[in-house]
Amino acid sequence: MRNCRGCDGKNTDSPYLKSGLSSEVQQKTLKHPCYNKEAHDNARIHLPVAPKCNIKCKFCNRKFDCQNESRPGVTSNLLTPQKALETFDYYNEQVDNLTVMGIAGPGDALANFNKTKKTVELIKEKYPEVAICLSTNGLMLPIYAKELKELGITHLTVTINAVDPDIGEKIYDSIYYNGKLITGRNAAKILLDNQLEGLAKLKEMDIMCKVNIVAIKGVNDGHVKEIVKKVKSLGVTFTNIMSLIPVAGTEFENHEKLTEGELKAIRKSCEKLVTQMYHCRQCRADAVGKLGEDKDSEKRKIS
Ligand code: CLF
Ligand code: SF4
């Protein structure tokens with residue numbers, strides 16, 4: 001990419017690497033600023049092509065971007081796949097060392113599969129050296145896992161907030177699946193089954209996976225370690241535990257947040273199991289730049 005000054009991708013001792021992946025995915029991981037803290041001079045761009053969501057988290061206000069991978073209370077402008085390519089072209093000239101293209105909403109990447117697929121194809125064709133990163137709630141993961149590999153996805157985040165449907169029911173209101181709206185414990189169970197089945201499929205594939213966990217005080221904060229243990233058994237080596245930030249207009253709007261110290265303690269307790277992310281910036285679905293140095297106000301001018 002233009003004026004490449006970022007990670008040289010040669011640190012083969014990095015705790016962010018995972019054995020069994022191809023050298024291409026390993027090299028792209030070393031140049032991915034979310035998956036490798038040392039790659040802080042590398043930039044990523046989110047292309048907001050995925051408006052719909054197929055589940056309803058009780059902490060989500062649909063006016064805003066998906067909170068499972070985004071800063072709450074922010075709305076991104078939508079792009080068509082063609083416009084997304086033009087946006088990438090533009091920022092490839094403006095931003096040094098743009099090594100990752102991500103789709104993180106504003107809804108769910110796999111609930112908008114045709115748009116996601118088209119965008120990935122356009123970017124892959126023109127920029128084969130770029131890591132392709134998706135974020136999903138995992139409901140459609142078993143259905144699309146094989147196709148994701150064929151498409152050339154290198155990095156995938158699944159957000160899993162419970163591995164017990166009794167806890168999941170407190171977090172998820174409903175899912176829309178196979179043409180039906182399903183609520184309550186049954187919804188949480190189907191979502192969980194699909195997340196775990198999807199991860200099991202990905203274990204056999206050359207895709208670097210991360211699991212995001214939204215920790216909610218008094219709801220699933222004491223359960224986070226169980227989630228990490230479960231996903232570790234399915235081959236996941238990297239988790240990003242974030243604190244819920246309550247949003248107005250949701251069931252959790254007045255919910256007490258975890259303190260920084262409480263969040264750190266949860267991450268530390270899980271560090272013995274898998275590598276922890278401490279540098280997440282809870283980006284918006286149209287973020288662009290190095291982590292924490294977004295150029296999103298500029299971006300909105302052209303989208
Ligand atoms: Fe985007 Fe997520 Fe890919 Fe990164 S973000 S889809 S893995 S390219 Fe990164 Fe942003 Fe945290 Fe996400 S800092 S919110 S972890
Ligand atoms: Fe909202 Fe994201 Fe949950 Fe969908 S997956 S309901 S967009 S927080």
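A single member of 120, 100 is among the β-branched types (Val, Ile, Thr), touching a Cys at 6+ places or on another chain (Cβ under 6 Å), within 13 Å of ligand 1 (Cβ to nearest atom) and within 28 Å of residue 143 (Cα to Cα), and it is 100.
When the stretch 51-64 is limited to residues that are in a loop (DSSP other than H, G, I, E, B) and touching an Asp or Glu at 6+ places or on another chain (Cβ under 8 Å), the one that is farthest from ligand 1 (Cβ to nearest atom) turns out to be 58. If you go through the stretch 44-89 one residue at a time, how many are at pLDDT below 95, among the hydroxyl-bearing types (Ser, Thr, Tyr) and more than 14 Å from the chain's Cα centre (by Cα)? Going through the stretch 44-89 one residue at a time, the tally reaches 2. Does residue 258 count as among the aliphatic types (A, V, I, L, M), within 18 Å of the chain's Cα centre (by Cα) and surrounded by 15 or more Cβ atoms within 10 Å (Cβ to Cβ)? No: the conditions fail for residue 258. None of 202, 181 is aliphatic (A, V, I, L, M), touching a strand residue (DSSP E or B) at 6+ places or on another chain (Cβ under 7 Å), surrounded by fewer than 19 Cβ atoms within 10 Å (Cβ to Cβ) and more than 24 Å from residue 263 (Cβ to Cβ) except 181.
Just so you know, in the stretch 222-236 the residues that are surrounded by fewer than 15 Cβ atoms within 10 Å (Cβ to Cβ) and small (Gly, Ala, Ser) include one that is nearest to the chain's Cα centre (by Cα), and it is 233.
Within the stretch 249-264, at least one residue is out of contact with any Leu (no Cβ under 9 Å at 6 or more places or on another chain), among the basic types (Lys, Arg) and free of Cβ contacts under 8 Å to residues at least 24 places away in the same chain. For the structure I just gave you, tell me whether residue 172 is in contact with a strand residue (DSSP E or B) (Cβ under 8 Å, 6 or more places away or on another chain) and surrounded by fewer than 18 Cβ atoms within 10 Å (Cβ to Cβ). Here the answer is no, as residue 172 does not meet what is asked.
The values are calculated or read from the model by the stated rules, or taken from the named source; none is laboratory data. What you see is a predicted model, and the numbers here were worked out from it, not measured in a lab. Cβ sites come from the backbone with ideal geometry, for glycine too, and all protein chains shown count toward neighbours.
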